[in-house]
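The next block holds one structure in the form of structure tokens; read it before the comments.
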Amino acid sequence: MNGLFIVFEGGDGCGKTTQVERAARWLSQFDGEVMLTREPGGTQLGSQIRELLLHGGHVDPRAEALLFAADRAHHVATDIRPALECGAIVVCDRYIDSSVAYQSGGRGLAEYDIEDLSAWASGDLLPDLTIVLDLDVAVADARRSARSSADRIEAEGAQWRQSIRETFLRRAARTPDRYRVVDADGAPDEVAQRVRSVRATTALNKTRELSTEELRQEQRPAAPAHSGASL
């Protein structure tokens, strides 16, 4: 594929959606066709799944993981992969790392299970570049308090959000060639300039497709034998 796949990740309140939109507008000035999308909710089916996940009642963690995976499978098959095959730049608000951070770091499911499920759902499609917008949880909480209401996931506690932040940072540290951590503290214009600097200084070639085993080796430190229940 000749396209370019860029993903933005980060905890709630880091200003991610604002930066995703700014990055897409900026890239469209120089690089031709840019597709802006998100997970969950990038397709009509995804929007229905998103509403269920964020505004429904309690969802069992395994069921939640499977719903996110269903959204991703459809999203990649119908939108992301076809756009990349046509040479477009795809800018996505959340992807596989959010599943690992929220379902493993937040919900306590086995990280290996979420990785395997996500690799299968995405057909082993990984981003060329993942930008992690990092922000202190207390600062993010202060930003979030200005919102009129919180969805089901945003309503979780501070320790839960700290675990998610640490998961993002740990994954970025393991694979520094594919991740860039950007300080999200500051005015939107300041953060946008940091993001642009990352885009300008990162060598990006073609979309990378890794096998499930390569994904495991890329992300996982040495670990004891797998003991979690398979999803």
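Taking the stretch 83-140 only, how many residues are under 28 Å from residue 25 (Cβ atoms) and not β-branched (Val, Ile, Thr)? Steps first, answer last, please.
Within the stretch 83-140, the subset under 28 Å from residue 25 (Cβ atoms) is 83-99, 101-102, 122, 125-136, 139-140.
Add one more test, that the residue is not β-branched (Val, Ile, Thr), and what stays is 83-88, 92-95, 97-99, 101-102, 122, 125-129, 133-136, 140.
Here the count works out to 26.
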Checklist entry - Which ones in the stretch 120-129 are surrounded by 21 or more Cβ atoms within 10 Å (Cβ to Cβ) and out of contact with any strand residue (DSSP E or B) (no Cβ under 8 Å at 6 or more places or on another chain)? => result 121, 122
Checklist entry - Going through the stretch 46-68 one residue at a time, which ones are free of Cβ contacts under 8 Å to residues at least 60 places away in the same chain and under 16 Å from residue 115 (Cα atoms)? => result 61, 63, 64, 67, 68
Item to check | In the stretch 114-139, the residues that are more than 17 Å from the chain's Cα centre (by Cα) and in contact (Cβ under 8 Å) with a residue 24 or more places away in the chain | outcome: 136, 137, 139
Checklist entry - So is residue 59 under 30 Å from residue 194 (Cα atoms) and more than 13 Å from the chain's Cα centre (by Cα) or not? => result no
Checklist outcome for this item: A careful count of residues in the stretch 77-105 that are surrounded by fewer than 21 Cβ atoms within 10 Å (Cβ to Cβ) and either touching a residue at least 24 places away in the same chain (Cβ under 8 Å) or closer than 24 Å to residue 62 by Cα (or both) gives 9
Checklist outcome for this item: Note: among 87, 15, 10, just one is of a type in the set (Gly, Ala, Ser), on the phi > 0 side of the Ramachandran plot and touching a Gly at 6+ places or on another chain (Cβ under 7 Å), namely 87
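In this structure, does residue 23 turn out to be within 24 Å of residue 186 (Cα to Cα) and in a helix (DSSP H, G or I)?
Details: within 24 Å of residue 186 (Cα to Cα): yes; in a helix (DSSP H, G or I): yes.
Taking the combined requirement at face value, the residue satisfies it.
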Checklist entry - Within the stretch 174-190, how many residues turn out to be in a loop (DSSP other than H, G, I, E, B) and of a type in the set (A, V, I, L, M)? => result 2
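Scan the stretch 13-29 and tell me whether some residue there is polar (S, T, N, Q), buried (at least 17 other Cβ atoms within 10 Å of the Cβ), closer than 22 Å to residue 133 by Cα and touching a His at 6+ places or on another chain (Cβ under 9 Å). Write out each step before concluding.
Going through the stretch 13-29, the residues polar (S, T, N, Q) turn out to be 17-19, 28-29.
Checking which are buried (at least 17 other Cβ atoms within 10 Å of the Cβ) leaves us with 19.
Next, from what is left, pick out any that are closer than 22 Å to residue 133 by Cα: 19.
Within this subset, residues satisfying the condition of being touching a His at 6+ places or on another chain (Cβ under 9 Å) are none.
No: the stretch 13-29 contains no residue that is polar (S, T, N, Q), buried (at least 17 other Cβ atoms within 10 Å of the Cβ), closer than 22 Å to residue 133 by Cα and touching a His at 6+ places or on another chain (Cβ under 9 Å).
Which one of these is under 18 Å from the mean Cα position of the chain (by Cα) and part of a helix (DSSP H, G or I): 162, 193? Don't jump to the end; show me each part of the working.
Values: 193 fails: under 18 Å from the mean Cα position of the chain (by Cα).
It is 162.
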Next on the checklist: With the requirement that a residue be buried (at least 18 other Cβ atoms within 10 Å of the Cβ) and either assigned to a loop (DSSP other than H, G, I, E, B) or touching a Leu at 6+ places or on another chain (Cβ under 7 Å) (or both), what does the stretch 30-64 give you?
Outcome noted: 34, 39, 40, 41, 42, 43, 49, 53, 64
Checklist outcome for this item: The condition from (1) part of a helix (DSSP H, G or I); (2) of a type outside the set (A, V, I, L, M); (3) within 17 Å of residue 5 (Cα to Cα) that residue 115 misses is numbered (3)
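A short reminder: the numbers here are calculations on the coordinates, not readings from a lab. On a predicted model such as this, the values are computed, not experimentally measured, just so you know. Don't worry about glycine lacking a Cβ; one is built from the backbone with ideal geometry, like all the others, and counts go over all protein chains shown.
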